[in-house]
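In what follows, a single structure is set out as structure tokens and then discussed.
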Amino acid sequence: MKKYFKFLFLVLLTTNAYSQESNKEILEFEKTKLNAELGNADAQYSLASYYKYGKITEKNDSLYAKWLHKSAEQEYKHAYHSLALYYKYDKKDTENAIFWYKKDADATYFNYVRMYGENKAKEKIKDISSIKSLKDMGVKYRPWDLYNYDEVKSHWILKEEPIKLTAIFEK
């Protein structure tokens, strides 16, 4: 009888701890969702992952894409790469995958120029996954051919509007 009560006590204790953890996760989801709806790009990106993996909520491909796009519209760099992967693997849409890989490569190049200078940035960017993925898809793409160093430098220093892509796709 004593063993039964110990077992029952452990089950109740475990259940209570589990439900408290679940409540924390639900509250975190709701907080993320509210911040995403208020326009926070990081929260939009996080909310997309909830829908991608079905964490706390059901998996929902269209809501995943919607929140990734909203985050990318605010130039949230991580969303660029996630959208490239989404279009390449989930939607089998090469044209959109290339577009988002290029956006990711440009954003990475701008960051590298800012951190390392022009020459080192050219060396480092060759190793990023977006450039490699574009190459695997038969697309030659080098951001440093599109922008001169002064454009990139002034973009970051003056915090101007983002430089728009005008690249010609080469295959």
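General observations
- Taken as a whole, the condition of being under 30 Å from residue 33 (Cβ atoms) and either of a type outside the set (Gly, Ala, Ser) or modelled with pLDDT of 85 or more (or both) applies to residue 104.
- Summed over the range 66-89, residues that are open to solvent by 70 Å² or more (accessible area, probe 1.4 Å) and closer than 20 Å to residue 130 by Cα total 5.
- Test result for residue 107, closer than 30 Å to residue 27 by Cα, crowded, with 17+ Cβ neighbours inside 10 Å and among the small types (Gly, Ala, Ser): no
- Given (1) buried (at least 16 other Cβ atoms within 10 Å of the Cβ); (2) modelled with pLDDT under 95; (3) part of a helix (DSSP H, G or I), index of the condition residue 7 fails: (1)
- One residue stands out in the range 107-159 among those that are hydrophobic (A, V, I, L, M, F, W, C), touching a helix residue (DSSP H, G or I) at 6+ places or on another chain (Cβ under 7 Å) and at pLDDT below 75: the one that is farthest from residue 77 (Cα to Cα), namely 144.
- Number of positions in the range 50-60 that are closer than 19 Å to residue 76 by Cβ and touching a helix residue (DSSP H, G or I) at 6+ places or on another chain (Cβ under 8 Å): 3
- Members of the range 50-65 found to be in contact (Cβ under 8 Å) with a residue 12 or more places away in the chain and either exposed (fewer than 13 other Cβ atoms within 10 Å of the Cβ) or basic (Lys, Arg) (or both), listed by number: 52, 55, 61
The values are calculated or read from the model by the stated rules, or taken from the named source; none is laboratory data. Being a predicted model, the structure only gives us computed values, none of them experimental. For neighbour counting, all protein chains shown are included, and Cβ atoms are generated from backbone atoms with ideal geometry for every residue, glycine included. Calculation scope for accessible area: heavy atoms of the full protein, side chains included, ligands and nucleic acids excluded. Shrake-Rupley method; radii C 1.70, N 1.55, O 1.52, S 1.80 Å.
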